[in-house]
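Only one structure is covered here, and it is reproduced in the block below.
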Amino acid sequence: MNMTLRALLGATALLTLAGLASAETTITVATVNNGDMIRMQGLMDDFYAKNPDIKVEWVTLEENVLRQKVTTDIATKGGQFDVLTIGTYEVPIWGKSGWLVSLNDLPEAWDKADLLPAIAGGLTVDGELYAAPFYGESSMVMYRKDLMEAAGLTMPDAPTWADIDKAAAAMTDKSKEQYGICLRGKAGWGENMAFLTAMSNSFGAKWFDMDWKPQFDQKPWADTLAFYLHLMNDYGPPGASNNGFNENLALTQQGHCGMWIDATVAASFVTGKDSTVADKMGFALAPDNGLGKRGNWLWAWSLAIPAGSAKVDAAKAFVAWATSKEYTELVASKEGWANVPPGTRTSLYANAEYQKVPFAKMTLDSINSADPTHPTVDPVPYVGVQFVAIPEFAGIATEVGQQFSAALAGTTTAADALAAAQELTTTEMTKAGYIK
Amino acid sequence: MARSTTTNSKVIVTIGAWLVGFLIFFPILWIFLMSFHTEGDAIKSPFAMLASPWTTEAYQAVQTQNSYGKFFMNSVVISVGSTVLALIIGIPAAWSMAFVPGKKTKDLLMWMLSTKMMPAVGVLIPMYLGFKVTGLLDTRTGLVAIGTLINLPIVIWMLYTYFKEIPGEILEAARMDGASLTSEIIHVLTPMALPGIASTLLLNVILSWNEAFWSLQLTTSDAAPLTQFIASFSAPEGLFYAKLSAASTMAIAPILIMGWFSQKQLVRGLTFGAVK
């Protein structure tokens, strides 16, 4: 009896040890549905080969759902996620609130110094890197070379808004559903306000002065909105107040837009297999007005680890792999250099193979010309090019976006939209305690 | 005296009814049509899209990207589980309100209904914390529990309405014949109210199947139902209409089929007692 009991105990102990030896850590990664992230899910064998004791569970969600869900989880320290895909807007706010784990101690081979300074700057708070960039983007002009040529015009590499106005007028032929320019008009802080805020920087406008007083009652904002409405009303497609990134992408791919100023990541779509004008597209920097700032933005989707995660080491191993130089080489070897996540590392743009990608140089130049810490002509108390990195911004900018979208739809005037924007922003900023 | 109707007015009313029906059904039809085209074709003008070749490419992409079966099973367990649990609690509750009402029964019914008017997001943080503390985050048990709570007011109200149509004398007679409370409810009341119970069950399964707010907030992977399956195919930058349509078609197909086969029962139950 004793012998049997001992044998059973011994066997149980051995099984437990074997179990412990093969115990794997499962981490949950929350992500948005974009091509680069989906591609990564197909390349996980490489990660598993290097980290056999870590299993990755993916949760893919629509951007706004993800943002709401992750915010709830992180604020309550719910611990449902170990790695988050977050944007440049959230990183400084969440980093400052102590909601994210510092990534300063990622392995040396990961090479933090290789990150593009503009991108890394937006993800760093008080010297701590709180997110590792997975892909970065700016905005630029994507234009039809054939239509420009037919109009007898040449697009400069660094155009002014006057150049854009002239080109839009020359390329517009509404009888052929040919529109000189397509821009975002759909209301939202990440939709029309991303474009208009970046555009306003080049007109010398700003959201707030150094005392956090809203600036929509100043001339630069009036000039910005008037010029935007002129471009869209005279040369834009009908129903533009409903157009966001995807709607303009569809119009451009079908050959309806002479120019489209939007995210650099769109370059691979407008030159891709679904585009009817893939071989006719040219690229230029976002326009300026000679004031020292261009109308381009800066954004990165990055991987961060929430402070509530109980599996920080495994999460760091995943983040280091997914944002490494080796990962870009892995993508290039499987899917070609044009499909490598862009805009994060200096070494990628030094790579001779990557330099052959038609939009690579313009993407890098656009990213480098954006400075999130000095986004405007005049000094401002905030960080962020197409956003203001304060928690209240998303709500305020969405409401302001609705006013500007209404002005584009013709249901209100530019002056009324600006007055309403000034009033609602002042109310919210006073309520939040920024204005005493 | 019956009102006289001309053949012309009958034709006009019939055409009007079909038009309204078609308008209501059109978004589902369009989702179905888009799902059988490429992403490039799905964004074309309606006629150009219909003229372009049909393909199952989007369905293949959806299947490759996500495991439909896991989400489907979670939806089945959560919707059926929460409805059955709500019925188990709701039948005795509705019985007591219909046959032995107290002074405050009407107020209680109104209060239950008023909970449906509260915006769900208002209690998100306390619910989330409650789920976290009890270990119910991302579990089917947690979703069944919350689904039951959401369904309960509707279940009790619907059953209360049906039970009110049943003469109390029949139950009294059963009691006089020596039936216990349990047998009175199970063997006398339930068979008589079966059409009403069946339509309550069907309607609440449909409502639970389509519930999106809590199922998106309280699950991540293990208990995620089809609502999350659909949400994963919307992209901020890139074309996704065909894939999203394919995912939506796959998500609504089971409940549409169930609704189609049970429509007779559903209509019978919903109109139960409508004509006295």
Revision key, fill the gap. Reported set for the range B:224-235 where residues are within 20 Å of the chain's Cα centre (by Cα) and either within 11 Å of another protein chain (Cβ to nearest Cβ) or not in a loop (DSSP other than H, G, I, E, B) (or both) is B:ALA224, B:LEU226, B:THR227, B:GLN228, B:PHE229, B:ILE230, B:ALA231
Practice item. Out of the residues in the range A:1-33 that are at pLDDT below 80 and not in a helix (DSSP H, G or I), state the one that is farthest from the other protein chains (Cβ to nearest Cβ). Key: A:MET1
Review point. Are there any helices (runs of 4 or more DSSP H) wholly within the range A:327-394 with 2 or more residues that are small (Gly, Ala, Ser), and if so which?
Key: A:346-350, A:360-368
Review point. Does the range A:267-288 hold any residues that are touching a residue at least 60 places away in the same chain (Cβ under 8 Å) and either within 12 Å of chain B (Cβ to nearest Cβ) or not charged (D, E, K, R) (or both), and which are they?
Key: A:ALA267, A:SER268, A:VAL270, A:THR271, A:VAL277, A:MET281, A:GLY282, A:PHE283, A:ALA284, A:LEU285, A:ALA286, A:PRO287
Study note, to complete from the structure: The number of residues in the range B:21-51 that are within 12 Å of chain A (Cβ to nearest Cβ) and either outside any helix (DSSP H, G or I) or closer than 30 Å to A:MET44 by Cβ (or both) is 8
Study note, to complete from the structure: The condition of being within 20 Å of the chain's Cα centre (by Cα) and either under 27 Å from A:GLY35 (Cβ atoms) or assigned by TED's automatic domain parsing to the domain that holds A:ILE38 (or both) holds, among A:GLY122, A:GLY79, A:GLY127, A:GLY98, only for A:GLY122
Point to revise | Options B:GLY238, B:GLY269; residue that is in a helix (DSSP H, G or I), at pLDDT below 90 and not assigned by TED's automatic domain parsing to the domain that holds B:THR55 | key: B:GLY269
Review point. Only one of A:GLY295, A:GLY343 is under 19 Å from A:ALA132 (Cβ atoms) and touching a helix residue (DSSP H, G or I) at 6+ places or on another chain (Cβ under 7 Å); which?
Key: A:GLY343
Review point. With A:LEU225, A:LEU229 as the choices, which residue is under 21 Å from A:THR412 (Cα atoms), touching a residue at least 60 places away in the same chain (Cβ under 8 Å) and surrounded by fewer than 24 Cβ atoms within 10 Å (Cβ to Cβ)?
Key: A:LEU229
Exercise for review: Could you list, in sequence order, all residues of the range A:238-261 that are touching a residue at least 24 places away in the same chain (Cβ under 8 Å) and surrounded by 23 or more Cβ atoms within 10 Å (Cβ to Cβ)?
Suggested key: A:ALA240, A:ASN243, A:PHE245, A:ASN248, A:THR252, A:GLN253, A:CYS257, A:GLY258, A:MET259, A:TRP260, A:ILE261
Review point. Within the range A:195-211, is even one residue assigned to a helix (DSSP H, G or I), more than 19 Å from A:ALA417 (Cβ to Cβ) and either among the hydroxyl-bearing types (Ser, Thr, Tyr) or free of Cβ contacts under 8 Å to residues at least 60 places away in the same chain (or both)?
Key: yes
Check your understanding: Of all residues in the range B:212-227, how many are surrounded by 19 or more Cβ atoms within 10 Å (Cβ to Cβ) and over 16 Å from B:THR141 (Cα atoms)?
Key -> 2
Exercise for review: Give the residue, chosen from A:VAL265, A:VAL357, A:VAL312, A:VAL319, that is over 21 Å from the mean Cα position of the chain (by Cα) and either under 30 Å from A:VAL101 (Cβ atoms) or buried (at least 18 other Cβ atoms within 10 Å of the Cβ) (or both).
Suggested key: A:VAL312
Revision key, fill the gap. Inside the range A:284-302, the number of residues satisfying the requirement of being in a strand (DSSP E or B) and buried (at least 24 other Cβ atoms within 10 Å of the Cβ) is 6
Check your understanding: Under the condition of being touching a Leu at 6+ places or on another chain (Cβ under 8 Å) and part of a helix (DSSP H, G or I), which residue from the range B:131-146 is nearest to the other protein chains (Cβ to nearest Cβ)?
Key -> B:PHE131
Practice item. Quick one: which residue in B:TRP18, B:TRP54 is part of a helix (DSSP H, G or I) and away from chain A (no Cβ under 11 Å)? Key: B:TRP18
Exercise for review: Go through A:ASP223, A:ASP146 for me and flag whichever is modelled with pLDDT of 95 or more, among the acidic types (Asp, Glu) and under 15 Å from A:ASP288 (Cα atoms).
Suggested key: A:ASP223
Exercise for review: Considering every residue within the range A:424-434, establish whether at least one is surrounded by 17 or more Cβ atoms within 10 Å (Cβ to Cβ), without any contact (Cβ under 8 Å) to a residue 60 or more places away in the chain and in a loop (DSSP other than H, G, I, E, B).
Suggested key: no
Review point. In the range A:395-423, what residues are over 21 Å from A:ILE93 (Cα atoms), part of a helix (DSSP H, G or I) and either at pLDDT below 95 or of a type in the set (S, T, N, Q) (or both)?
Key: A:GLN402, A:GLN403, A:SER405, A:GLN422
Point to revise | Pair list, Cβ under 6 Å, 6 or more apart: the range A:51-78 residue closer than 22 Å to B:GLY135 by Cβ and facing another protein chain (nearest Cβ under 7 Å), other residue at pLDDT 85 or above and assigned to a loop (DSSP other than H, G, I, E, B) | key: A:GLU57/B:SER221; A:VAL59/B:THR220; A:VAL59/B:SER221
Check your understanding: Within the range A:103-152, which residues are touching a residue at least 40 places away in the same chain (Cβ under 8 Å), in a helix (DSSP H, G or I), within 26 Å of A:MET259 (Cα to Cα) and not hydrophobic (A, V, I, L, M, F, W, C)?
Key -> A:LYS145, A:ASP146
Review point. If you take the residues in the range B:57-68 that are out of contact with any Ser or Thr (no Cβ under 8 Å at 6 or more places or on another chain) and more than 12 Å from chain A (Cβ to nearest Cβ), which one is surrounded by the fewest Cβ atoms within 10 Å (Cβ to Cβ)?
Key: B:GLN60
Practice item. Scan the range A:239-266 residue by residue and report those that are assigned to a strand (DSSP E or B) and away from chain B (no Cβ under 12 Å). Key: A:CYS257, A:GLY258, A:MET259, A:TRP260, A:ILE261
Study note, to complete from the structure: Selection over the range A:183-194 where residues are within 14 Å of chain B (Cβ to nearest Cβ) and either at positive phi or outside any loop (DSSP other than H, G, I, E, B) (or both) yields a count of 2
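Quick grid of which residues meet (1) touching a Ser or Thr at 6+ places or on another chain (Cβ under 6 Å); (2) farther than 25 Å from B:ILE197 by Cβ; (3) surrounded by 14 or more Cβ atoms within 10 Å (Cβ to Cβ); (4) among the aliphatic types (A, V, I, L, M):
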{"residue": "B:MET112", "(1), (2), (3), (4)": "no, no, yes, yes"}
{"residue": "B:PHE131", "(1), (2), (3), (4)": "no, yes, yes, no"}
{"residue": "B:THR139", "(1), (2), (3), (4)": "no, yes, yes, no"}
{"residue": "B:ALA145", "(1), (2), (3), (4)": "no, no, yes, yes"}
{"residue": "B:LYS164", "(1), (2), (3), (4)": "no, no, yes, no"}
{"residue": "B:LEU171", "(1), (2), (3), (4)": "no, no, yes, yes"}
**Study point:** Meets criteria (small (Gly, Ala, Ser) and either modelled with pLDDT of 95 or more or not assigned by TED's automatic domain parsing to the domain that holds A:TRP94 (or both)) for A:ALA266
**Key:** yes
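The values are calculated or read from the model by the stated rules, or taken from the named source; none is laboratory data. None of these values were measured; they are calculated from a predicted model. For neighbour counting, all protein chains shown are included, and Cβ atoms are generated from backbone atoms with ideal geometry for every residue, glycine included.
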